[in-house]
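Below: the structure, in structure tokens.
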Amino acid sequence: MSTNQIKQTLSAIESELRAKIGALPEMQAKLMDQQNYSLCELIQVMTDVHLCEHPLFIQLMSLDAARCQLEIGLYGVCSDCENEIEAERLAEDPLEQRCASCSGQYRRQHRQELRLNH
């Protein structure tokens, strides 16, 4: 996938996320004040209204990470092992941050952390 195609894909994901976030009751009043929040500002607003655990917040953080990686030439590189993320994984989820191996390991560790916290 070319850089332009990746940018277009990420822009489409951003538009969809912004629409879903704008529909959240907690966000409607905040977004009416200003429509053109940058991703960083939007992340901060969602943090301020305590939506850090919301799935849309997690997607927004992944989108921000993917955009940053694209800017520095590391899009498609696993955030853990720094190997290339499989093309099929990126085609399925353009916001993917880990290769299949590291993703499985991350999920196992995260489940263990959740068990320890409860």
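The values are calculated or read from the model by the stated rules, or taken from the named source; none is laboratory data. Since we're looking at a predicted model, the values are computed, not measured. Cβ placement follows ideal geometry from the backbone for every residue including glycine, while neighbour counts extend to all protein chains displayed.
Data overview
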quantity	calculated
Yes/no for residue 60 being over 17 Å from residue 5 (Cβ atoms), aliphatic (A, V, I, L, M) and at pLDDT below 95	no
Residue in segment 46-56 that is modelled with pLDDT of 95 or more and hydrophobic (A, V, I, L, M, F, W, C) present	yes
Condition met for residue 92 (out of contact with any strand residue (DSSP E or B) (no Cβ under 8 Å at 6 or more places or on another chain), of a type in the set (Asp, Glu), modelled with pLDDT of 90 or more and surrounded by fewer than 16 Cβ atoms within 10 Å (Cβ to Cβ))	yes
Near pairs, Cβ below 8 angstrom, 6+ apart or cross-chain, from segment 78-97 (among the hydroxyl-bearing types (Ser, Thr, Tyr)) to any residue that is in a helix (DSSP H, G or I)	79/65; 79/102
Matching residues in segment 66-82 - criterion: being surrounded by 13 or more Cβ atoms within 10 Å (Cβ to Cβ) and either on the phi > 0 side of the Ramachandran plot or touching a strand residue (DSSP E or B) at 6+ places or on another chain (Cβ under 9 Å) (or both)	69, 76, 77, 78
